[in-house]
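These notes concern the structure reproduced below.
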Amino acid sequence: MKKILLFTFSLIIVFASLSQGQIDNGDMESWSSNDEPDNWNSFLSANGTWSAFAGDQCEPSSETRPGSNGTKSCRIFSNAVLGTVANGNVTLGRIHMGSTNPTSFDNYNKTVTGNSNFSQALTDKPDSIVYWVKFTPNGGNGNARMKATLHTDYDYRDPEDASSSSAVVATAVDNYPSTQGNWERHSIAFNYSGPATDNAYILVTFTTNEVGGQGNDNDEVLIDDIELIYNSNNIENLISSDDINVSIDNFTNQIYFNSKIDLNGVYKVYNSVGQIVQSGEISNTVCFE
């Protein structure tokens with residue numbers, strides 16, 4: 001019975017991944033160089049008056065979260081120059097460096113809707129965003145930050161100006177303290193308070209401090225396995241029980257997929273603390289180890 005319940009839970013997550021939009025390279029496994037993860041951007045791809053002076057504050061790490069099948073995570077870190085701290089920053093948009101003052105309103109991250117390198121299209125409406133982080137402040141007690149914004153077909157910026165505020169469909173914000181040397185799985189619900197209603201893009205940003213210019217030199221955040229989660233009621237509307245039947249033989253540990261629709265993709269089996277214990281390509285029969 002435990003195996004049946006576990007797989008039923010994980011199967012819902014698999015169907016959500018197959019049926020609904022996800023963030024490209026959310027597992028941080030793909031890196032064309034050692035500067036920035038594919039589909040994500042940091043200071044080396046920034047624009048603005050001071051972008052020519054940007055340093056490299058993003059790199060791949062071989063340390064991955066517990067239970068991961070991957071080999072990489074994303075490491076961002078702060079850098080202090082002449083007493084001014086530049087927070088580590090990685091985003092789906094583009095960093096704009098308009099001032100040497102870290103708290104200036106001329107510094108922001110921005111979705112560039114006309115450039116797929118600096119934007120992530122998303123028209124679906126996730127209930128929450130889940131990710132794994134390991135935050136190690138260098139002697140301080142500030143909070144690291146994640147902010148995700150669903151917005152309209154507009155070059156939305158964070159922090160927001162008046163025009164960007166009117167383009168917001170939903171936000172998910174997490175200001176979190178040191179993880180005490182451990183990886184943590186965070187699940188943050190989206191708040192669909194608008195004022196807009198029809199999203200076309202999502203902007204996600206991770207930083208080493210919730211306030212620009214705060215923190216210490218070499219504050220560090222490791223980021224892994226970012227996933228958008230969708231309500232199971234919506235999933236049931238997309239995939240009905242008449243179309244799909246999944247069963248497990250507890251004596252042979254075989255899982256059987258019988259479907260009238262194409263289920264090309266992967267399955268993932270999670271334990272009770274969110275660790276992946278098995279994954280692979282979906283086929284008619286899968287051996288559950």
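Would you mind telling me the antiparallel percentage of the DSSP bridges in the range 28-107, rounded to 5?
So the antiparallel bridges amount to about 90 percent of the total.
Over 19 Å between Cα atoms: which of LYS72/LYS147; LYS72/LYS110; LYS110/LYS147 fall into that group?
Long pairs (Cα-Cα over 19 Å): LYS72/LYS147; LYS72/LYS110.
Can you tell me, using C-alpha contacts under 8 Å and at least 6 residues apart, the relative contact order of the range 124-239 as a whole percent?
RCO, the range 124-239: 44 percent.
Just the ratio, please: alpha-carbon radius of gyration of the range 82-141 over 2.2 N^0.38 Å, N its number of residues.
It is 1.47.
For labels at ASN47 and GLU63 in the simple 7 Å Cα→Cβ model, what's the distance in nm?
Going by the 7 Å Cα→Cβ label model, 3.5 nm.
Collect residues whose amide H, placed 1.01 Å from N in the peptide plane, falls under 5 Å from the amide H of GLY48; neighbours closer than 5 in sequence don't count.
MET97
Compare the peptides 155-165, 91-101 by average per-residue count of other Cβ atoms within 10 angstrom and give them in order, highest first.
Top to bottom by mean Cβ count within 10 Å: 91-101, 155-165.
Whole-Hz ³J(HN,Hα) for each residue in the range 51-62, computed from phi via Karplus 6.51 cos²θ - 1.76 cosθ + 1.60 with θ = phi - 60°, x for glycine and proline: what do you get?
For the range 51-62, the Karplus curve yields 5, 5, 9, 5, x, 7, 10, 8, 7, x, 10, 7 Hz.
Need one number: nm distance between label points at ASP56 and SER166, each 7 Å from Cα along Cα→Cβ, rounded to one decimal.
4.3 nm
For a distance above 19 Å, tell me the whole-number percent of Cα pairs in the range 25-184 that qualify.
Every Cα pair in the range 25-184 considered, those over 19 Å come to 59 percent.
Please compute the per residue accessible area over the range 46-110 with all protein chains in place, 1.4 Å probe, rounded to a whole number of Å².
46 Å²
The values are calculated or read from the model by the stated rules, or taken from the named source; none is laboratory data. A quick note: this is a predicted structure, and the numbers were derived from the prediction, not measured. Don't worry about glycine lacking a Cβ; one is built from the backbone with ideal geometry, like all the others, and counts go over all protein chains shown. Protein only, heavy atoms only, side chains kept; ligands, DNA and RNA dropped before computing areas. Shrake-Rupley method; radii C 1.70, N 1.55, O 1.52, S 1.80 Å.
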